[in-house]
Amino acid sequence: MLRITILTALAALSVASLSARPRARDAGIPFDGTPGPLNAITDVQGVEVGHVTLIAGDGPLEVGRGPVRTGVTAILPRGKAADAAPVFAGTYSLNGNGEMTGTAWIEESGFLEGPILLTNTHSVGVVRDAIIAWQVRRSGSGRRDVPWSLPVVAETWDGWLSDINGFHVKPEHVFTALDDARNGPVPEGSVGGGTGMVSYEFKGGIGTASRRLAADLGGFTLGVLVQANHGVRRQLVVAGVPVGREIGGGTRRFAGSNPTDLAGLSVGETGSILIIVATDAPLLPHQLKRLARRAALGLARTGAVSGNGSGDLFLAFSTAPVGTSAAIGTPVDVKALTNEGMSPLFESTVEAVEEAIINALVAGETMTGRDGHTAEGVPIPRLQEILKQYNRLVAPAR
């Protein structure tokens, strides 16, 4: 039987209460910068997140039946408001062995005009079509008409653990993730689109973090959400410490996004990561592209090299007002930071991306999927022991 878990951002619960494992800061891992109150992308006012997690079956792979370890994650920049305006956005591909639909129009227009959905590689099509159906369904309840839509759907490959060719993500799962998206704490690890993902040859998945700038730097908030399915174990760096090499092990077989021989991957990284950056700072599309590029530096802090087979795709958006006018040819007023004001946001992006990735790893509990394939959760006591040896473990956050 398919077990469907609907995980939204729950304002009444702490993130720690959503998982048996602590978040990275709670485990004593040090990070730079000041997080928002939730240390999540939902610290950016208006942003909502929803997950639908699909888990079913064990044992040998039977295409179409399972085992199933997959799902879908929805990010709504301005929530579900019927009259939600577009947001300025920019994208960046560090390595393009992956898919993020709708980016050609973002690059052309500078606008993101709907939600962002994250899922597995072979479910991109059904998720894209379901977003349009969701938008059309809502057009009859006060939402503006939807004559056309170019949804943003991005993917990473979960075929090591899941029956990826069984097409288990259905339109109703997309509808649920969108309808039930909320602000508040964001579940992490093996949830939503991250359910079957593997990162640095440990269990990966969804991670999030945020940063709040000081008042004299604008007081802006920046949040990040990642779907981590990248890296090989020897590369993993935590707080500047070569944790992957210290823990050892790893086969470099299942970090892949598009492997042709699961048993024969022995050279380099073929995994993928999706990084979504949100901010309330007033930025123009070209400035958001600059922000998206900085996500690569946060990724590099965790040891990744973005190998040839890696799909490392990033998107940044701003929830600041974009200016609208019903009259063609009428100018609109738009505010934007100066170039000199961008550097604190660059630094915040690097810091939050690093922490979001480590949060995804720390939250990832050991999972066994198809054909007995197992992705081990990062052993937190061993991780703490290594950090202590390098004088990098700090008192756990309270």
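For the chain, a Gaussian network of Cα nodes joined below 10 Å ranks L299, L337, L150 by mean-square fluctuation, and the top entry is L337. Placing unit charges on each Cβ (+1 for Lys and Arg, -1 for Asp and Glu) gives the chain a dipole about its Cα centre, and among S139, V243, P151 the Cα reaching farthest toward its positive end belongs to V243. GNM remark for the chain: springs join alpha carbons under 10 Å apart, and the peak mean-square fluctuation among P86, P77, P331 falls on P331. A straight Cα-to-Cα reach below 16 Å connects K80 with none of the lysines, residues fewer than 8 places away in its own chain not being considered.
For segment 320-398, pairs of C-alpha atoms spaced more than 15 angstrom apart make up 77 percent of the total.
A316: net charge of surrounding residues, Cβ under 10 Å, Lys/Arg +1, Asp/Glu -1, itself excluded?
Working: positive: K289, R290, R293, R294; negative: none.
Local net charge: +4.
A Cβ-based charge dipole, computed about the Cα centre of the chain with Lys and Arg at +1 and Asp and Glu at -1, lands at about 460 debye.
Please grab the % of Cα pairs in the chain that end up more than 36 Å from each other. Beyond 36 Å sits 17 percent of the P(r) for the chain. Highest GNM mean-square fluctuation among G307, G196, G205, for the chain modelled with Cα contacts below 10 Å: G307.
Could you tell me the convex hull volume per residue, in Å³, taken over the Cα atoms of segment 267-324?
Working: hull volume 4.7 nm³, N = 58.
Once divided by residue count, the hull of segment 267-324 is 81 Å³.
Classify segment 128-186 as rounded, prolate or oblate from the Cα gyration tensor: take a ≥ b ≥ c as the square roots of its eigenvalues, call it rounded if a/c is under 1.5, otherwise prolate when a/b beats b/c and oblate if not. Prolate is the answer for segment 128-186, as a/c is 1.5 or above and a/b outweighs b/c.
Is segment 30-155 rounded, prolate or oblate when judged by the Cα gyration tensor, a ≥ b ≥ c being the square roots of its eigenvalues, rounded requiring a/c under 1.5 and prolate requiring a/b larger than b/c?
Because a/c hits 1.5 or more and a/b fails to exceed b/c, segment 30-155 counts as oblate.
Since every read-out is calculated from the coordinates, none of them should be taken as a lab result. These numbers come from a predicted model, not from an experiment. Ideal geometry is used to build each Cβ from the backbone, glycine not excepted, and the neighbour counts take in all protein chains shown.
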